[in-house]
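Following: one structure in structure tokens, then a few remarks.
Every number here is computed from the coordinates shown, using simple stated rules; none is lab data. The shown structure was predicted, so the numbers you read here are calculated from the model rather than taken from an experiment. Cβ: placed from backbone, ideal geometry, glycine included. Neighbour counts: every protein chain shown.
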């Protein structure tokens, strides 16, 4: 194969109320709203495009792993442990559903948070080497 996938361009997230979710993502997470109608909103967040799409109640991007644990499908990166700790504190202050900072046995530390629709996301204290080079 001569072609390769270069990057993830867009992530789709199910939400129950596009307007409320767009407000949450822009005001709480600092996303930029590029487009919105009754069915979807297009946001820029963390160097990626997110489509939040109206979905049925109870839908989320989460999945259950082989051991029965609910998992996230997306990890955000921050630049270092101090940035992770500061973000964790800010999320708590904004009353975001957030887990404790964890040591998972690999480089850096992580925590998990949820959006108002229950979509789970991970945050990792280590920037990828490729992204560091671009900064």
(message) Bin width 10 Å, origin at 0, all Cα-Cα pairs of the stretch 60-135: what percent of pairs per bin?
(response) 18, 48, 30, 4
(message) Give the separation of the Cα centroids, the stretch 22-62 to the stretch 78-135, in Å.
(response) 19
(message) At a threshold of 8 angstrom on Cα-Cα distance, excluding pairs fewer than six apart, so keeping six or more, what relative contact order does the stretch 10-58 reach in percent?
(response) 46
(message) Under 8 Å for C-alpha pairs, at least 6 residues apart: give me the relative contact order for the chain, rounded to a whole percent.
(response) 21
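For every helix of n ≥ 4 consecutive DSSP H residues, a contribution of -39,500 (n - 2.57) applies; sum these over the chain, divide by its total residues, and give [θ] at 222 nm rounded to the nearest 500 deg cm²/dmol.
-6000 deg cm²/dmol, from helical runs alone.
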(request) Could you tell me what % of all Cα pairs in the chain have separations over 20 Å? (result) 51
(message) Can you compute the modelled spin-label distance between residue 90 and residue 103, with each label point 7 Å from Cα toward Cβ, in nm?
(response) 2.6
(request) Quote the relative contact order of the stretch 60-135 in percent (integer), defining contacts as alpha-carbon pairs under 8 Å separated by 6+ residues. (result) 35
(request) Please give, to one decimal in nm, the separation of the simple spin-label points placed at residue 32 and residue 1, each 7 Å out from Cα toward the Cβ. (result) 3.1
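Per-residue counts of other Cβ atoms within 10 Å, averaged by peptide: what ranking do you get for 91-97, 62-68, 14-20, highest first?
14-20, 91-97, 62-68
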(message) I'd like to compare 109-119, 51-61: which one has the highest average count of other Cβ atoms within 10 Å, and what's the full order after that?
(response) 109-119, 51-61
(message) Taking a cut-off of 18 Å, what percent of all Cα-Cα pairs in the stretch 10-58 are separated by more than that?
(response) 16
